[in-house]
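The next block holds one structure in the form of structure tokens; read it before the comments.
The values are calculated or read from the model by the stated rules, or taken from the named source; none is laboratory data. Not measured: the values here are computed from a predicted model. Please note: Cβ atoms are built from the backbone with ideal geometry, for glycine as well, and neighbour counts cover all protein chains shown. For the accessible areas, the whole protein counts, side chains as well, though only heavy atoms, and no ligand, DNA or RNA atoms are used. Shrake-Rupley method; radii C 1.70, N 1.55, O 1.52, S 1.80 Å.
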Amino acid sequence: ETISEPVRLTFLRGEDDVPWIKLNRSHGRSMYLGFVSGTEIAEVYRPHTHRFRLFALNIRDWVGETSTNKGILTTAITHPDDFLFFNNGIAGVATSIDEDVENAQLSCKNFSIINGAQTVRSLSRAQGRNSDAVKKTSILVRISTFSLGKEPTFLEDVTRYNNTQNKISVS
């Protein structure tokens, strides 16, 4: 079950004062790409009503206290300025998005994070340990729109492709 009320995300403004890039594609789909602070992501996860439904369409949820997740937490606390460079970011989907450019906010209906559960949960934990450091982190966020019920294969595909990862072996 997805989150029934819209989820609002406040984006960081770039040097040109634009908070996000919007791409429009076929079938009425749009994609928004921008940067959000670690605090913003941790706060979206915090509300009890959002917590687990935030990942409703994610095929992999939190995988626990793995070395990777401990590394995400450590990086957020010890290297917040480099977090953006070391982290892949978050991908989400929504059935519709309302833009508030003046406040740099996107209001996302039926929002779900389809890739980035490890990042979100780790940032939430890091904020509990060092909120000042997490304020300095930036996360790449990509949100795609889709038609609920009309595009079941698109939703399945975008979720699967965002979560198909190979193990990396050191060469």
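Which is without any contact (Cβ under 8 Å) to a residue 12 or more places away in the chain and open to solvent by 10 Å² or more (accessible area, probe 1.4 Å), of D132, D98?
That would be D132, the only listed residue that is without any contact (Cβ under 8 Å) to a residue 12 or more places away in the chain and open to solvent by 10 Å² or more (accessible area, probe 1.4 Å).
Does any residue of the range 111-128 turn out to be in contact with an Asp or Glu (Cβ under 8 Å, 6 or more places away or on another chain) and under 24 Å from D17 (Cα atoms)?
Checked against the condition, which is being in contact with an Asp or Glu (Cβ under 8 Å, 6 or more places away or on another chain) and under 24 Å from D17 (Cα atoms), the range 111-128 yields no hits at all.
Residues being under 16 Å from the mean Cα position of the chain (by Cα) and assigned to a loop (DSSP other than H, G, I, E, B): count how many of those fall in the range 2-48.
8
When the residues of the range 135-171 are filtered to those that are closer than 26 Å to T75 by Cβ, β-branched (V, I, T) and open to solvent by 30 Å² or more (accessible area, probe 1.4 Å), which remaining residue is modelled with the highest pLDDT?
T164
If you take the residues in the range 75-95 that are of a type in the set (S, T, N, Q) and open to solvent by 70 Å² or more (accessible area, probe 1.4 Å), which one is nearest to I41 (Cα to Cα)?
Among those that are of a type in the set (S, T, N, Q) and open to solvent by 70 Å² or more (accessible area, probe 1.4 Å), it is N88.
Please go through the range 13-39 and give me each residue that is open to solvent by 40 Å² or more (accessible area, probe 1.4 Å), touching a Ser or Thr at 6+ places or on another chain (Cβ under 7 Å) and closer than 17 Å to N87 by Cα, ordered by number.
The one that is open to solvent by 40 Å² or more (accessible area, probe 1.4 Å), touching a Ser or Thr at 6+ places or on another chain (Cβ under 7 Å) and closer than 17 Å to N87 by Cα: F35.
So in the range 58-72, with the set limited to residues that are more than 14 Å from the chain's Cα centre (by Cα) and open to solvent by less than 60 Å² (accessible area, probe 1.4 Å), which one is modelled with the highest pLDDT?
In this case the residue turns out to be I72.
Pairs needed: first member in the range 136-165, closer than 24 Å to I21 by Cβ; second member anywhere, open to solvent by 70 Å² or more (accessible area, probe 1.4 Å) and at pLDDT below 75; C-beta distance under 6 Å; at least 6 residues apart or different chains.
The qualifying pairs are T159/I59; N163/I59; N163/R60.
Determine, yes or no, whether T119 is closer than 13 Å to V44 by Cα and surrounded by 22 or more Cβ atoms within 10 Å (Cβ to Cβ).
Yes: the conditions hold for T119.
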